[in-house]
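K.L.:
Got a structure here, written out as structure tokens. Questions coming.
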Amino acid sequence: MTAATTALNLTGKALTPGAQRSWWLREALAAEKDGLACPPLTGDIKADVVIVGGGFTGLWTAYHLTQTKPDLKVVVLEQDICGGGPSGRNGGFASGWWDELREIGAPEELRALTREEVEARCASPAFRSGAFMKDGASVQPAFLARGLRRVVMERGVTIHEGTPVTSLNAGPPAVAITPNGTVRATRAVLAVNAWGVGWPQLRRRLVAWSSYIVLTAPAPEKVAEIGWTGGELITDFRTSVRYFRTTRDGRIAFGGGGGRASSRIDDSFTHDMRAVEEAAEGFRRLFPSFSEVPLEDAWGGPIDVSSTHLPTFGTLEPGNLFYALGYTGNGVAPTHLAGKVIADLVTGSDTDSTRLPMVNRKARLFPPEPLRSIGAAVVRRAIIAKDTAEETGRRPNAVMSAIARMPRRMGYLLGP
Ligand SMILES: Cc1cc2nc3c(=O)[nH]c(=O)nc-3n(C[C@H](O)[C@H](O)[C@H](O)COP(=O)(O)OP(=O)(O)OC[C@H]3O[C@@H](n4cnc5c(N)ncnc54)[C@H](O)[C@@H]3O)c2cc1C
């Protein structure tokens with residue numbers, strides 16, 4: 001055990017992030033007593049729609065497709081298990097994004113809170129004042145992902161887990177190629193989130209950043225002591241945002257470490273001890289009264305950062321390929337909308353959903369590799385350094401501040 005992990009009171013499995021599935025997913029899988037198996041694809045099959053990716057986007061798309069067209073043959077191909085990616089690992093914040101959209105003018109959606117009002121909801125010596133978003137919900141994300149998997153299977157959707165799509169020929173018909181079989185389908189949906197960095201059609205629409213969560217041991221009495229009994233989801237105002245919430249058994253899940261960017265989704269998104277320590281440091285700073293409560297779990301995952309901070313949904317050439325990505329770490333609620341939009345695009349329906357401005361929007365592209373990953377990594381570290389200096393009352397380094405501001409000056413909404 002290193003000095004840092006001892007000081008942070010990190011115990012057990014947390015010392016090896018990525019060594020096991022997220023705490024959420026372990027809980028959800030343990031509850032699946034009569035779980036339906038989704039064996040890997042073997043052989044060549046046909047479908048009306050093939051969906052690559054079994055996270056919220058892919059599963060909500062399957063859900064909405066079967067809602068409107070129950071006779072469609074839909075196949076989902078997931079390289080891991082459904083919910084094995086960020087959908088089963090995230091903070092579970094389902095919010096309406098009023099903080100991102102305040103210029104549209106709905107002041108009642110985001111109300112200022114005084115220091116005393118913040119303290120009444122959750123007391124921390126680090127909190128000064130705040131803002132309250134009245135609409136929002138917390139979910140246990142892996143229960144949602146695995147529940148969606150069950151519901152779409154009950155509707156006749158075929159799911160193959162453990163089935164990576166190694167390439168997709170758009171056709172038409174589209175042919176998804178996997179190690180032991182193919183799916184030939186009229187239409188295909190790319191619901192691959194940050195793995196989009198590996199797809200030529202998508203890679204310049206996003207950069208991938210990591211985010212990590214640490215989880216305390218159950219401490220319901222300590223949570224009650226700080227008055228955090230209303231289930232509020234809390235974030236700070238750092239650009240490299242920290243987010244924290246309670247669980248049903250009185251733990252705190254605290255997210256925010258990370259800063260790696262890469263042109264492929266590798267171990268740095270799941271096995272990064274430095275990112276775990278950063279998240280743990282944030283937690284210890286904000287919640288000093290929990291110093292004796294161990295952090296006993298930690299996990300991370302990739303975030304698909306778009307140039308606008310908002311997701312985009314749309315159609316790719318030659319017209320039978322569809323995608324949704326760019327949630328920028330806020331996909332829990334919007335993936336439901338994404339599924340509706342993609343289902344309508346797939347079925348050729350002209351609806352309110354398909355007329356949303358974020359559908360087929362021409363967003364600013366990121367630079368090509370290797371500039372994109374190097375730039376993203378440097379900017380992310382600069383943002384974290386600037387945020388940390390400000391938080392600890394130090395003057396941010398001028399060079400770091402300039403680097404942190406650079407993306408916004410270039411028209412990318414990533415920095416301060
Ligand atoms: C640590 C963390 C905390 C977060 N916290 C929040 C939060 O509190 N609130 C919020 O709104 N959002 C949060 N997010 C973001 C949120 O999890 C995502 O926006 C959301 O899950 C996106 O869903 P998705 O289905 O598009 O992506 P994913 O869940 O990533 O699903 C994509 C799936 O595609 C699969 N896949 C990729 N490539 C292939 C291939 N070639 N073949 C087959 N399968 C493939 C992957 O294995 C994965 O399962 C967080 C993310 C992380 C990492």
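K.L.:
For Cα pairs less than 8 Å apart in space and 6+ apart in sequence, what is the mean separation divided by the residue count of the range 298-364, i.e. the relative contact order in percent?
P.N.:
35
K.L.:
Still on this structure, please answer the following. Obtain the nm distance between the two label points defined at R355 and T392 by a simple spin-label model: each point lies 7 Å from its Cα along the Cα-to-C-beta direction.
P.N.:
Modelled inter-label distance: 5.3 nm.
K.L.:
Further question on the same structure: Run the helix sum for the chain: -39,500 (n - 2.57) per DSSP H stretch of 4+ residues, divided by residue count, reported at 222 nm to the nearest 500 deg cm²/dmol.
P.N.:
Taking each H run of at least 4 residues, the total per residue is -8500 deg cm²/dmol.
K.L.:
Taking the range 100-185, which trypsin sites (Lys or Arg not before Pro) meet the DSSP loop condition and have no more than 16 other C-beta atoms within 10 Å?
P.N.:
R128, K134, R155
K.L.:
Quantify how much of the Cα-Cα distance distribution of the chain extends past 31 Å, in percent.
P.N.:
Cα-Cα pairs in the chain separated by more than 31 Å: 38 percent.
K.L.:
Considering the chain as a Gaussian network with a 10 Å cut-off on Cα pairs, which listed residue, W195, W24, W299, attains the greatest mean-square fluctuation?
P.N.:
Residue with maximal mean-square fluctuation among W195, W24, W299: W24.
K.L.:
How far is helix 56-68 tilted off the main Cα axis of the chain, in degrees rounded to 10, range 0 to 90?
P.N.:
Tilt relative to the chain: about 50 degrees.
K.L.:
Using the crude model of +1 on Lys and Arg Cβ and -1 on Asp and Glu Cβ, and no other charge, please compute the dipole size for the chain relative to its Cα centre, in debye to 20.
P.N.:
It works out to roughly 1000 debye.
K.L.:
Quick one: helix 273-286 against the long Cα principal axis of the chain, what's the angle to the nearest 10°, folded into 0 to 90?
P.N.:
50
K.L.:
Separate question: For helix 398-409, what angle does its Cα long axis make with the longest principal axis of the chain, in degrees from 0 to 90 and rounded to 10?
P.N.:
With both axes taken from Cα atoms, the answer is about 30 degrees.
K.L.:
Relative contact order for the chain: what is it in percent, counting Cα pairs under 8 Å that are at least 6 residues apart?
P.N.:
So the answer I get is 21 percent.
K.L.:
Follow-up. With unit charges on the beta carbon (Lys/Arg positive, Asp/Glu negative), name the residue among L144, S129, L113 whose Cα is farthest towards the positive pole of the charge dipole of the range 93-167.
P.N.:
In the range 93-167, that residue is L144.
K.L.:
Starting from the alpha-carbon convex hull of the range 66-223, give the projected area averaged over all orientations, in nm².
P.N.:
Projected over every direction and averaged, the Cα hull of the range 66-223 covers 14.1 nm².
K.L.:
Determine, for H64, H271, the number of other Cβ atoms within 10 Å of each Cβ, and report the residues in order from fewest to most.
P.N.:
Least crowded to most crowded, the residues run H271, H64.
K.L.:
Then there is this: Summing Lys, Arg as +1 and Asp, Glu as -1, what charge do residues with Cβ under 14 Å from the Cβ of N320 carry, N320 excluded?
P.N.:
0
K.L.:
Here's a follow-up. Only bridges with both residues in the chain count here: give the DSSP antiparallel percent, nearest 5.
P.N.:
Looking only at bridges with both residues in the chain, the antiparallel portion is about 65 percent.
K.L.:
Okay, next question. First select every other residue whose beta carbon is under 12 angstrom from the beta carbon of F143; then total the charges, Lys and Arg +1, Asp and Glu -1.
P.N.:
Net local charge, F143 excluded: +3.
K.L.:
Then there is this: Can you give the local net charge around R203? Use residues other than it whose beta-carbon is closer than 9 angstrom to its beta-carbon, Lys and Arg +1, Asp and Glu -1.
P.N.:
Taking every Cβ under 9 Å from that of R203, the sum is +2.
K.L.:
When the chain is treated as a GNM, springs tying every alpha-carbon pair under 10 Å, which of A19, A253, A261 comes out with the largest mean-square fluctuation?
P.N.:
Of A19, A253, A261, the Gaussian network model singles out A19 as fluctuating most.
K.L.:
In a GNM of the chain with a 10 Å cut-off on Cα contacts, which of T335, T235, T57 has the highest mean-square fluctuation?
P.N.:
T235
Throughout, read-outs are computed from the coordinates displayed, never taken from laboratory work. Model, not experiment: these values are computed from the prediction. In this analysis, Cβ positions are derived from the backbone assuming ideal geometry, glycine residues included, and neighbour counts consider all displayed protein chains.
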